[in-house]
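Okay, so here's the structure we're looking at.
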Amino acid sequence: MRRYLTAGVALAMTGGLLVGCGGGDSAGASDEINLIMSNHPWQRAIEPLIGDFERESGMKVRVQTFAEQQMRDKVQLNLQSRSSAMDVFMALPSREGPQFARSNYYEPLDSYVSGATDYNVEDFPEAVRAGMTVDGKQIAAPINVEAVVLYYRKDLFQQYNLTPPTTLAELTSTAAAIKDRSNGAVTPIALRGQSTALPFTFGPFLHARGVEWTKEDKVTPNFDDPRAIEAIDQYATLAREYGPDGVVNNTFTQSSALMAAGNAAMMLESSNEVSSITDPGSSKVADDLGVVAFPAGEAGSRTTILSWGLAVSSFSQKKDAAWKFVEWATSAEVQQKLTESGIAPPRTSVAGSEAYTASLDTDLLKEWNEVLTSAQTTGSTEVGPVGVAAPEMRKIIGDAVGLAILGRASAAEAAKQIQDGLAPQLAKNEG
């Protein structure tokens, strides 16, 4: 591990991880870096390992962790104010990449990567690397791979004489059967309803029908397509008729809590949540879970697949030290350790290693790996419409589908709202 920690960052410092709110607008001491992360399976897996980096480098890593939207607000505030108080942050390039790149918020990593002797960027699949690149510049380093998958309770499916759905039509009919056969005692399906989080799990309903977010020109929304209306209608019906109470406020945390508590028969959620729903300290159903690919539509199974990344702030005063942390956190050695916490490795060498495959020691984990491996070749990397206004566009989609979930708009009305709302946002791409 020491080869990642050059003399440039081996600053005289005692070890020890500081976790807390951090120090205001100050960049902090010269022998520490400030890291902002989202409450996420990768964050929970990496935090116990950061002490290793501190001991090897002699640096401190000041960690701030927030719920996902709060994290975005905190990162945005630091960047908009050009603050040097943040050095490294978790980033979702598929969401804010073009917007942040246009504002010069990212420190490009190309020169750091090319100058790192043992880093081997080619170890990341081309699609993963492409997801970390905007306008030909690498703006983040990949930390995971995740896709939308369907978890289910094997014990309940056996009890209700059901088989896991393989098509979109079967998904709805299976949810209806669970509601009927359980007499409403169990939630048929947990899924996202919170506005900005919804597009991640809604996208596969669209793509499996053969519909992209935009037409071929990339600036015209595709929600005037009847198949888009069908996708909205199915998602809204699942959430409204077969989802949990208060579903419009739910994202992955609420869905995983329901599943782990044994209160849901199915869950449509990120592959990353496998560790949350099987945690021996909180899961009541860890031994009863199975996972299958996102159900197929006329265009097949087209799940959403993405990678989070670690980015360096362009306003950091400690860019070299920040890169060394990024280099360490995304190294093959560390990614190998993270697999022990259920983090799917974006590095090919780790994903194919004997140690990793041997660690998949339950039927669930074997199914999970098979589904995720397949998703990387068939899935769509577009979590939402691509553009400088990506966050705003995802909210437009989530708000409209949310109205359909609540029964305040028909699927057709929601589709028109999205069509009209996305058009001016996509036009910003040409500005």
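The values are calculated or read from the model by the stated rules, or taken from the named source; none is laboratory data. Just so it is clear, the structure is predicted and the values come from calculations on it, not from any experiment. For neighbour counting, all protein chains shown are included, and Cβ atoms are generated from backbone atoms with ideal geometry for every residue, glycine included. The area values use the complete protein model at the heavy-atom level, side chains included, leaving out ligands, DNA and RNA. Shrake-Rupley method; radii C 1.70, N 1.55, O 1.52, S 1.80 Å.
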Counting only residues that are touching a His at 6+ places or on another chain (Cβ under 9 Å) and within 16 Å of Asn272 (Cα to Cα), how many does the stretch 358-402 have? 1
Would you check if there is a residue in the stretch 236-250 being β-branched (Val, Ile, Thr) and closer than 29 Å to Arg347 by Cα? no
Residue selected from the stretch 240-273 under the condition over 15 Å from Thr201 (Cβ atoms) and among the aliphatic types (A, V, I, L, M), by the criterion surrounded by the most Cβ atoms within 10 Å (Cβ to Cβ): Ala265
Just to check your reading of the model, which residue among Gly407, Gly387, Gly421 is touching a helix residue (DSSP H, G or I) at 6+ places or on another chain (Cβ under 7 Å), buried (at least 17 other Cβ atoms within 10 Å of the Cβ) and at pLDDT 90 or above? Gly421
Of the residues Asp217, Asp180, which single one is at pLDDT below 95 and farther than 30 Å from Ser331 by Cα? Asp217
Residue hits (the stretch 104-124; assigned to a loop (DSSP other than H, G, I, E, B), in contact (Cβ under 8 Å) with a residue 12 or more places away in the chain and either within 29 Å of Arg82 (Cβ to Cβ) or open to solvent by 40 Å² or more (accessible area, probe 1.4 Å) (or both)) are Asn104, Tyr105, Glu107, Pro108, Leu109, Ala116, Thr117, Asp118, Tyr119, Asn120
Met13 versus (1) over 16 Å from Trp323 (Cβ atoms); (2) at pLDDT 90 or above; (3) open to solvent by 10 Å² or more (accessible area, probe 1.4 Å); (4) of a type outside the set (Gly, Ala, Ser): which is the lone unmet condition? (2)
Just give me the residues in the stretch 128-167 being open to solvent by less than 30 Å² (accessible area, probe 1.4 Å) and outside any strand (DSSP E or B), in sequence order. Val128, Met132, Ile139, Ala140, Ile143, Asn144, Val145, Leu156, Phe157, Tyr160, Pro165
